[in-house]
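Contents: one structure, followed by commentary.
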């Protein structure tokens, strides 16, 4: 897709950009969890549920990258077929994600920089935002401009734990969550900036993505202080 003056058409540039963003997010997630493991912060042996959780999230990232590559190469039929697999993996994540968080608190496997109530609140908010983004993207799948941006948003709603393992969370103390929110917002700003350069305006989907990221950052400590979450954390955590 090349215009008459020899420049790339906006659609082609957008597809290339989304591939770049998908790879950037994948590298961020790999760096976060990989560095955590290399620093000896992973407690072995891992429970079966943690293995399943990891498998599903790695699968989600791999599918996301693959889907953007298929769109870039105009393999739309295969992209739609894999879409059903995407839905199945997303549904499994909605079940396994919260279950893993609860088990982690019970087994005292919560990362050391997270109090149990914060860990539970973050897990619940992230999975809720992920479900909203993916659900909206599926509903709007025929409106490709919305669909592709909301799917990008679904990745940004779950990138927080990776940054939580990259940033010096113990040194950041109570500001750690806001630091994670800030670096995640950078991804959204990059996407908005691309829209401005390529399309001349920011697509409204990115405002919803930005709102979701802010809700995670601001809402997590607020939810963590809610009596039901505090009670649940106290009930689950070993004494």
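Quick note: the coordinates plus some simple rules give every number you see, no bench work behind them. Here the structure is a predicted model, which means the values were calculated and not measured. Every residue, glycine among them, receives a Cβ derived from its backbone with ideal geometry; neighbour counts consider all protein chains shown.
Data table
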{"item": "Contour excess over end-to-end distance, with Cα ends at residue 48 and residue 31 and 0.36 nm allotted per residue", "result": "3.8 nm"}
{"item": "Crossing angle, helix 76-106 versus the chain [Cα axis fit, 0-90 degrees, rounded to tens]", "result": "10"}
{"item": "Candidates 72, 129, 143, ranked by Gaussian network fluctuation over the chain, Cα under 10 Å, top entry", "result": "143"}
{"item": "Value at 222 nm in deg cm²/dmol, rounded to 500, when DSSP H runs of n ≥ 4 in the chain each add -39,500 (n - 2.57)", "result": "-27000 deg cm²/dmol"}
{"item": "Relative contact order, percent, region 1-154 [alpha-carbon distance under 8 Å, six or more residues apart]", "result": "19"}
{"item": "With Cα atoms, 0 to 90° folded angle of helix 144-156 axis to the chain main axis", "result": "30"}
{"item": "Computed lengthening from residue 81 to residue 62, 0.36 nm per intervening residue step minus Cα-Cα distance", "result": "5.3 nm"}
{"item": "FRET efficiency, 1/(1 + (r/R0)^6) with R0 41 Å, evaluated for residue 69 and residue 222 via beta carbons", "result": "0.60"}
{"item": "Prolate/oblate/rounded label for region 199-238 (Cα gyration tensor, a/c 1.5)", "result": "prolate"}
{"item": "Value of relative contact order over region 121-163, rounded to a whole percent, pairs C-alpha under 8 Å and six or more apart", "result": "43"}
{"item": "Helix 176-199 axis, angle to the chain major axis (alpha carbon atoms, nearest 10°)", "result": "10"}
{"item": "Separation between Cα centres of region 80-96 and region 9-79, rounded to whole Å", "result": "14"}
{"item": "Gained length - residue 9 relative to residue 106, 0.36 nm times residue gap less alpha-carbon distance", "result": "29.6 nm"}
{"item": "Region 116-133 and region 153-215: distance between their alpha carbon centers, rounded to Å", "result": "15"}
